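This report concerns only the one structure given below.
The values are calculated or read from the model by the stated rules, or taken from the named source; none is laboratory data. Everything numeric in this text was worked out from a predicted model, so none of it was measured. Reconstructed Cβ throughout: ideal geometry from the backbone, glycine too, with neighbour counts over all protein chains shown. Ligands, DNA and RNA are stripped out before the accessible areas are found, and what is left, the full protein with its side chains, is counted by its heavy atoms. Shrake-Rupley method; radii C 1.70, N 1.55, O 1.52, S 1.80 Å.
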Amino acid sequence: MPGSLSADEVRRNLETKWLGRRLTCLDQVDSTNLVARQLARSGAEHGSVVSAESQTRGRGRLGRSWVSPAHKNLYMSVILHSDLPADRLPQVGLLAGVATCDALCEWQPTTLKWPNDVLIGGRKVCGILAEMEGSPGGRSLILGIGVNVNAEEADFPGELRRKAGSLLLASGRPVDRARVAGRLLTHLETWYDTWTREGFSPIAAAWQERSGMIGQMIHVAEPGTVIVGQVLGLDDDGGLRIQLPSGQEHRVLAGDVTVVGGYGPQPKAEG
Ligand code: BTN
């Protein structure tokens, strides 16, 4: 279909050894994570990717939905076979955030917001949903990545318009989705390989460098309460370590985080 993302176009932009070599580009689906889950159950290989032009039930973190207008953005899910224990799953979400941050900063300066939102000029342009799935050969991770590439303000419902952004809104120019998909998967393979080879510490360091959150005061809306604290760093479970006003240390494992004073555009360091 004209204007649709084709697997051939994405492949032309891929510099990967194993990720995205099996790539399925679909039209409308309920959620690419649900499609990927089915594919994993029926034996899809490690590194398979499914993308769609639109989602009728795009899923976000904390039971939210993900706005998925047709032909404008990227909605992708990656199938990764790994026997990693469930408590290591957030590490993969964090590494995917680092990879997406690196890919999108080829267009615009990006920052990371815990756990794995990518922001441009303080607005969210990417969300990541990492889920576990049983598959014939063991366990799989389904890594769902939504990137607002060419979304316009009118594509977002009223309450999101101040918070959500896109590459188009940030630059004033339409952006080639196949190029973004190719660059994103290429960075993702690099960071996933680093993680399997060297563990979580290079990921944590890269995340901290790109988030600009260390030392900042934050509000955390946890179920039933709001807490305030100063960010100390990440722990091995991908939790955010903060220091409460009492001096006590606290780990944030879920909830919505807001930096007091807001997120400026903090480009990641070159090199
Ligand atoms: C978040 O709430 O920040 C996570 C959003 C994740 C959205 C992506 S879009 C592709 C994949 N399919 C889904 O249903 N969700 C993820």
Net charge near residue 201: determine it from the other residues with C-beta under 14 Å of the C-beta of residue 201, scoring Lys and Arg +1 and Asp and Glu -1.
-3
Expressed as an acute angle from 0 to 90° and rounded to the nearest 10, what is the orientation of the C-alpha long axis of helix 89-104 relative to the principal long axis of the chain?
70
Histogram of C-alpha separations across the stretch 152-215, 5 Å bin width, %
3, 14, 14, 15, 17, 18, 12, 6, 1
Run the quick spin-label model on residue 193 and residue 83: label points 7 Å from Cα toward the beta carbon, then report their separation in nm to one decimal.
2.4
What residue among 234, 62, 141 has the largest mean-square fluctuation in a Gaussian network model of the chain, using Cα springs under 10 Å?
62
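Residues of the stretch 60-176: accessible area per residue at 1.4 Å, in Å²?
On a per-residue basis, the stretch 60-176 sits at 37 Å².
Going by a ≥ b ≥ c, the root eigenvalues of the Cα gyration tensor, does the stretch 13-109 fall in the rounded group (a/c under 1.5), the prolate group (a/b larger than b/c) or the oblate group?
Here the stretch 13-109 falls in the rounded category.
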Alpha carbon Rg of the stretch 191-238, scaled by the compact-globule rule 2.2 N^0.38 Å:
1.40
Between the helical axis of 32-41 and the dominant principal axis of the chain, each derived from Cα atoms, what acute angle in degrees is found, rounded to the nearest 10?
70
Ignoring any ligand, DNA or RNA, what whole percent of the accessible area of the stretch 111-236 comes from carbon and sulfur when the probe is 1.4 angstrom?
50
Kirkwood Rh and Cα Rg combined as Rg/Rh, the stretch 127-258
1.01
Hey, what angle do you get for helix 177-198 against the long axis of the chain, alpha-carbon based, 0 to 90 degrees rounded to 10?
60
Mind checking the full-extension length gain between residue 62 and residue 256? Use 0.36 nm per residue of separation minus the Cα-Cα distance, one decimal, nm.
68.9 nm
Rounded to the nearest whole Å², what accessible area per residue is found for the stretch 182-271 with the 1.4 Å probe?
48
With N residues in the chain, what two-decimal value do you get for its Cα radius of gyration over 2.2 N^0.38 Å?
0.96
Centre separation in Å (Cα based) which lies between the stretch 21-40 and the stretch 211-245
34
Quickly work out the residue 24-to-residue 11 label distance, labels modelled 7 Å from Cα along the C-beta direction, and quote it in nm with one decimal.
1.6
Just want to confirm a number: the relative contact order over the chain, from Cα pairs under 8 angstrom separated by 6+ residues, in percent.
19
